[in-house]
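Q: Below are the structure tokens for one structure; questions will follow.
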Amino acid sequence: MDPLRLAQDVVLVAFVVTIIVTDWRWRRIPNVVTYPTMLVGLALAAIEGLPGQALQSGLLDHAAGLAIAFFISYPIVALGGMKAGDGKFLMAVGALRGTAFLFSAGVYGALIGGIIAIVFIVARRIEAARAGEDSSFGRVLKSWIPYGVALGLGALAALAAEARRIS
């Protein structure tokens, strides 16, 4: 395996595990983790693109991944569909691994997020009904769902799928 790709993967896994833990435990995706990861991703991408491959796999592709994640997630954040930390998580993934990986991780994350949401909604409706509380669908939907966890698991799934394709 290419040492630079290995470094990107190590940073990605450390970042994702950190985000999964912080989002699950404290319901936060801290800027102190996302912004440095974006910078490290872009720095590794600049090295990856040397010499003269910036359009294919270097800095341009990773900067595009960061920008695409921003432009896709910003309207969703603005409409309240996800929190800003989730968008910054996607931006960091795009900066670390580029556009193709971002799309793959995003699809896996959305699928896993849908499954997690269904499980949370059903469990919360059952719990509320047993407690004699309002178990309406609208009330249950307004409760917290750990989307950063889903996005993190999606990134790990994309990484595992990529590793299977390579081997």
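The values are calculated or read from the model by the stated rules, or taken from the named source; none is laboratory data. All figures in this text were calculated on a predicted structure; none of them were measured in a lab. Because the Cβ atoms are built from the backbone with ideal geometry, glycine has one as well, and the counts that use them run over all protein chains shown.
Q: Between ALA163, ALA158, which is assigned to a helix (DSSP H, G or I), modelled with pLDDT of 95 or more and within 25 Å of ALA46 (Cβ to Cβ)? Give the steps one after another, and end with the answer.
A: Numbers: ALA163 fails: modelled with pLDDT of 95 or more.
Criteria check complete, one pass: ALA158.
Q: Out of curiosity, is ARG5 of a type outside the set (Gly, Ala, Ser), over 19 Å from ALA157 (Cα atoms) and surrounded by fewer than 20 Cβ atoms within 10 Å (Cβ to Cβ)?
A: Numbers: of a type outside the set (Gly, Ala, Ser): yes; over 19 Å from ALA157 (Cα atoms): no; surrounded by fewer than 20 Cβ atoms within 10 Å (Cβ to Cβ): yes.
For ARG5, the condition - of a type outside the set (Gly, Ala, Ser), over 19 Å from ALA157 (Cα atoms) and surrounded by fewer than 20 Cβ atoms within 10 Å (Cβ to Cβ) - is not met.
Q: Follow-up. If a residue must be without any contact (Cβ under 8 Å) to a residue 12 or more places away in the chain and surrounded by fewer than 16 Cβ atoms within 10 Å (Cβ to Cβ), how many such residues does region 64-83 contain? I'd like the intermediate steps shown before the answer.
A: Initial filter on region 64-83 (without any contact (Cβ under 8 Å) to a residue 12 or more places away in the chain): 71, 75-81.
Remaining after also requiring surrounded by fewer than 16 Cβ atoms within 10 Å (Cβ to Cβ): 71, 75-76, 78-81.
Final tally of qualifying residues: 7.
Q: Could I ask something else about it? Pull up region 40-53, narrow it to residues that are free of Cβ contacts under 8 Å to residues at least 40 places away in the same chain and assigned to a helix (DSSP H, G or I), then point me to the one that is farthest from the chain's Cα centre (by Cα). Talk me through it step by step, then tell me what you get.
A: Of all residues in region 40-53, those free of Cβ contacts under 8 Å to residues at least 40 places away in the same chain come to 43, 46, 49-53.
Imposing the further condition that a residue be assigned to a helix (DSSP H, G or I) reduces the set to 43, 46.
Details: ALA43: 19, ALA46: 22 Å.
Applying the filter and picking the extreme gives ALA46.
Q: Could you list, in sequence order, the residues of region 14-32 that are in a helix (DSSP H, G or I), touching a residue at least 40 places away in the same chain (Cβ under 8 Å) and surrounded by 14 or more Cβ atoms within 10 Å (Cβ to Cβ)? Before you say what the answer is, go through the steps one by one.
A: From region 14-32, those in a helix (DSSP H, G or I) are 14-26, 31-32; that's our starting set.
Subset that is touching a residue at least 40 places away in the same chain (Cβ under 8 Å): 15-17, 19-20, 22-24, 31.
Residues satisfying the conditions are PHE15, VAL16, ILE19, ILE20, THR22, ASP23.
Q: Does at least one position in region 88-100 carry a residue that is buried (at least 22 other Cβ atoms within 10 Å of the Cβ), within 14 Å of the chain's Cα centre (by Cα) and either modelled with pLDDT under 90 or at positive phi (or both)? Can you show your working first?
A: First pass over region 88-100, keeping only residues buried (at least 22 other Cβ atoms within 10 Å of the Cβ): 88-98.
Still in the list and also within 14 Å of the chain's Cα centre (by Cα): 88-98.
Next, from what is left, pick out any that are either modelled with pLDDT under 90 or at positive phi (or both): 98.
Yes, that holds for at least one residue.
Q: Where residues in region 102-143 are in contact with a Leu (Cβ under 8 Å, 6 or more places away or on another chain) and touching a residue at least 40 places away in the same chain (Cβ under 8 Å), which of them is surrounded by the most Cβ atoms within 10 Å (Cβ to Cβ)?
A: ALA105
Q: Here is a further query. Return the residues of region 113-167 that are of a type in the set (Val, Ile, Thr), over 21 Å from PHE101 (Cβ atoms) and in contact with a helix residue (DSSP H, G or I) (Cβ under 6 Å, 6 or more places away or on another chain); say none if nothing qualifies.
A: Residues satisfying the conditions are ILE116, ILE121, VAL140, ILE145.
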